[in-house]
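Values quoted throughout were computed directly from the atomic coordinates according to the rules given, and no laboratory measurement underlies them. This is a predicted model, so every value here is computed, not measured. Glycine gets a Cβ as well: all are built from the backbone with ideal geometry, and neighbour counts include every protein chain shown.
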């Protein structure tokens, strides 16, 4: 009999991008004359506890004492936190809806601000475990419930002992209290979540480092919003490239390597290539770059790499021959739009296609030689597999045909195999 899975998820700096008590302090102490010094104290207490250098109970007590917050401040915090949900959790809201019985939020934070945020993601209130504030009659926060095990050192371990969940338990978090669940043997695996912050003392103890929730879902073969985690896509940056360009792609979640030259060891694995003005790519390396999907060139690409080979390999190229002052942002934006949506707008070698992002749909990209009959074959395969097409876009340019198909039905792997086998197919991939 298959055991049930449970997903134990932290809140601060995991489900959300920030530490909620730190953010509450920014709100409640906004007019305090010594606010900066107090902010720093609260942040220090947070980090010491997360790194395992201070007991959680001592850290919590000191932070609550410094807050000087009330219920009005809490309402402002909730509004703020709803805008700070980690991007990879936000785009995978459908997962929480489908696995509502298996997802638990276990946090040393407080239900008063956690429940309104995570409830919007179909997480059941009875599956939210956190501390609670003690307030006065006029709504001022003066303390917290000390009887709650989550207010104590090792609180998550104590809580999980009490819950006695039967099945495979997986923990996702950024701090020491999350790792303690693995250390205690209560969970099967601990995933160090590093999308917002990477604590070296925690990362080294993890069973797996997950730079995004997409990565966690991918390695566990669970339903997800995107087919392949962006942190697994190697974006190689070559030559003199502005820091702004690199930051744009890094913030989007791609795995960045910045090198002086296109080293041979990266040829087989590179998925994205960003080239500084004047950089060249040999025909031999282009031909061997089987995973390469897109090139962003900060200058004129025509005489620096073979567009003919790029066409034959299905590699989209964006460049800026006029050396626009904004190309440090323009090029990575176009590259990211292609990787995220399939948009080829302003590409130098592909049909120009602008595409919207879709929710609750799968987007399939089929690149092929521009010969008659390809679309008929594509749609024949969709019909054979009873696939409902939501939208379909086809554009051609020279020898290239570029087809985008959005579907809202489940599919099997045989569908992909059939699409790849169509004669004259150059490249096929699934975006989400």
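At-a-glance table
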item: Packing-based order for 106-113, 216-223, 66-73, using average beta carbon neighbours within 10 Å, highest first; result: 106-113, 66-73, 216-223
item: Tensor-based shape of region 5-219 (alpha-carbon gyration tensor, a/c under 1.5 rounded, otherwise prolate or oblate); result: prolate
item: Degrees between helix 327-341 axis and first principal axis of the chain (Cα, 0 to 90, nearest 10); result: 90 degrees
item: DSSP beta bridge pairing in the chain, given as percent antiparallel to the nearest 5; result: 40 percent
item: Sorted by Cβ density within 10 Å, fewest first, the residues 101, 22, 138; result: 138, 101, 22
item: Cα gyration tensor shape of region 300-347, rounded if a/c is under 1.5, else prolate or oblate by comparing a/b with b/c; result: oblate
item: When the convex hull of its Cα atoms is projected in every direction, mean area for region 1-96 (nm²); result: 8.5 nm²
item: Structure-based [θ]222 nm, the chain - -39500 (n - 2.57) summed over DSSP H runs of at least 4, per residue, nearest 500; result: -9500 deg cm²/dmol
item: Relative contact order computed over the chain (Cα-Cα under 8 Å; 6+ residues apart), in percent; result: 11 percent
item: Tilt relative to the chain, helix 35-50 - C-alpha long axis, 0 to 90 degrees, to 10; result: 80 degrees
item: Alpha-carbon centroids, region 275-321 and region 148-184: separation in whole Å; result: 49 Å
item: Neighbour-count ranking [beta-carbon atoms within 10 angstrom, fewest first] of 230, 41; result: 41, 230
item: Cα-based shape type of region 223-303, given that a ≥ b ≥ c are square roots of the gyration tensor eigenvalues and the cut on a/c is 1.5; result: oblate
item: Degrees, to the nearest 10: 56-67 long Cα axis against longest axis of the chain; result: 90 degrees
item: Burial ordering of 235, 403, fewest other beta-carbon atoms within 10 Å first; result: 403, 235
item: Selected from 145, 12, 214 as most flexible by GNM, with the chain as the system and alpha-carbon contacts under 10 Å; result: 145
item: Hydrodynamic radius by Kirkwood, which averages 1/r over all alpha carbon pairs of region 316-432, in angstrom; result: 15.1 Å
